[in-house]
């Protein structure tokens, strides 16, 4: 069964070589929310964080390098002790409870490559030419259609366009028939 933790408690205890006092102080700092920031880089197996000093209004920078199986290879802190201090213990405990093996960079969230190409609205939404007819009507077919539509009077859709003698409507009709 795979572990759901990136950092196991057993690895933290073995890293501090059973120094219970440092682990207890780290646990206290963790419980008092002294870990202000943590970053996990899954590709480099590195945890970085800011941990507040115990009695000062100051943060120490900690960095922990993990092995691929979750062990702790090395750790350093900007505090005077520098190595195996309670700030590192607090960061490791914070990482234990807040990191999961699924905390990796998602490839589907990678930003898309931007191009300098500018597209117009016509490029994005081209005008589709539409015609209700499969072919152009000849003059005879147009006259036959007009005759059939006059049976219904001027109540049918575009019969006003088919009236003779109006050059403006003839042009509009031809434009409609072309599209």
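When you go through (1) loosely packed, with under 13 Cβ neighbours inside 10 Å; (2) touching a helix residue (DSSP H, G or I) at 6+ places or on another chain (Cβ under 9 Å) one by one for residue 58, which number turns out not to apply?
Unmet condition: (2).
In the range 54-75, how many are touching a strand residue (DSSP E or B) at 6+ places or on another chain (Cβ under 9 Å) and touching a residue at least 40 places away in the same chain (Cβ under 8 Å)?
We begin by selecting, within the range 54-75, every residue touching a strand residue (DSSP E or B) at 6+ places or on another chain (Cβ under 9 Å); these are 58-67, 70, 72-75.
Those left that are additionally touching a residue at least 40 places away in the same chain (Cβ under 8 Å): 66, 70, 72, 75.
Qualifying residue count for the region: 4.
Quickly run through the range 27-43 and pick out the residues that are in contact (Cβ under 8 Å) with a residue 12 or more places away in the chain, surrounded by fewer than 17 Cβ atoms within 10 Å (Cβ to Cβ) and part of a loop (DSSP other than H, G, I, E, B).
Once the filter is applied, which keeps residues that are in contact (Cβ under 8 Å) with a residue 12 or more places away in the chain, surrounded by fewer than 17 Cβ atoms within 10 Å (Cβ to Cβ) and part of a loop (DSSP other than H, G, I, E, B), the range 27-43 yields 42, 43.
If you go through the range 44-68 one residue at a time, how many are in a strand (DSSP E or B) and closer than 16 Å to residue 8 by Cβ?
The total comes to 4.
From 84, 76, 114, 128, grab the single residue that is surrounded by fewer than 10 Cβ atoms within 10 Å (Cβ to Cβ) and either at pLDDT 70 or above or under 23 Å from residue 51 (Cα atoms) (or both). Talk me through it step by step, then tell me what you get.
Details: 84 fails: surrounded by fewer than 10 Cβ atoms within 10 Å (Cβ to Cβ); 76 fails: surrounded by fewer than 10 Cβ atoms within 10 Å (Cβ to Cβ); 114 fails: either at pLDDT 70 or above or under 23 Å from residue 51 (Cα atoms) (or both).
That would be 128, the only listed residue that is surrounded by fewer than 10 Cβ atoms within 10 Å (Cβ to Cβ) and either at pLDDT 70 or above or under 23 Å from residue 51 (Cα atoms) (or both).
Would you mention how many residues in the range 2-26 are assigned to a loop (DSSP other than H, G, I, E, B) and buried (at least 19 other Cβ atoms within 10 Å of the Cβ)? First the steps, then the outcome.
Step one: filter the range 2-26 for residues assigned to a loop (DSSP other than H, G, I, E, B), giving 2-4, 6-8, 16-19.
Those still in the list that are buried (at least 19 other Cβ atoms within 10 Å of the Cβ) too: 6-7, 16.
Residues in the range 2-26 being assigned to a loop (DSSP other than H, G, I, E, B) and buried (at least 19 other Cβ atoms within 10 Å of the Cβ): 3 in total.
The values are calculated or read from the model by the stated rules, or taken from the named source; none is laboratory data. Remember, predicted model here, so these are calculated numbers, not experimental data. Note that each Cβ is placed from the backbone with ideal geometry, even for glycine, and that neighbours are counted across all protein chains shown.
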